[in-house]
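Asker: First the structure, then my questions, so here it is.
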């Protein structure tokens, strides 16, 4: 097993997330995402968040504080999406936390006429090996918060800008 890319949490006497990342993660939580802490809570191997739509799942995967991957994953014909190893996406963004999380939070809902629909292979950065998924801590949103993303984005029925997919290594 490789050392946790998030092990910086262990190396400080006062563990904390970078403030900007913490604020954006609070926005993700407020939207009603389910949170998964992969590995020890004090120094996880990865943090994953998922939001279930009718026909897809929005994902956030954090393996280090400098690079975050967000994606929209279509539901397979049979069975659920593996949030730790999606095979395909219709939209993905890899980059600094500020841009990646904001792109997902601003992504139009799947029923929007301009929502992405073309399927392509999921970026490898979305994959969390089974050996790094344990122990696994799952935090579900409170009942009143579970559908907040759909409610917040409900007003986006018409055409509007869609954050463009970006691949690791591209400049902003």
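Asker: May I ask you to say which residue of 124, 141 is closer than 26 Å to residue 45 by Cα and either over 17 Å from the mean Cα position of the chain (by Cα) or free of Cβ contacts under 8 Å to residues at least 24 places away in the same chain (or both)?
Answerer: Within the list 124, 141, the selection yields 124.
Asker: Then there's this: Examine the stretch 140-151 for a residue that is surrounded by 11 or more Cβ atoms within 10 Å (Cβ to Cβ), more than 24 Å from residue 97 (Cα to Cα) and either at pLDDT below 80 or in contact with a strand residue (DSSP E or B) (Cβ under 7 Å, 6 or more places away or on another chain) (or both), and state whether such a residue exists.
Answerer: The answer is no; no qualifying residue exists.
Asker: Could you check the stretch 27-68 and list, in sequence order, the residues that are more than 20 Å from residue 108 (Cβ to Cβ) and assigned to a helix (DSSP H, G or I)?
Answerer: Residue satisfying the conditions is 29 alone.
Asker: Among 163, 109, which is the only one that is in a loop (DSSP other than H, G, I, E, B), modelled with pLDDT under 80 and either closer than 24 Å to residue 84 by Cα or touching a strand residue (DSSP E or B) at 6+ places or on another chain (Cβ under 6 Å) (or both)?
Answerer: On the way: 109 fails: modelled with pLDDT under 80.
Answer to the selection: 163.
Asker: Only one of 88, 57 is touching a strand residue (DSSP E or B) at 6+ places or on another chain (Cβ under 8 Å) and either crowded, with 16+ Cβ neighbours inside 10 Å or closer than 16 Å to residue 27 by Cβ (or both); which?
Answerer: Every option except 57 fails the conditions.
The values are calculated or read from the model by the stated rules, or taken from the named source; none is laboratory data. No experiment lies behind these values; they were computed from the predicted model shown. FYI the Cβ positions are ideal-geometry reconstructions off the backbone, even for glycines, and counts take in every protein chain you see.
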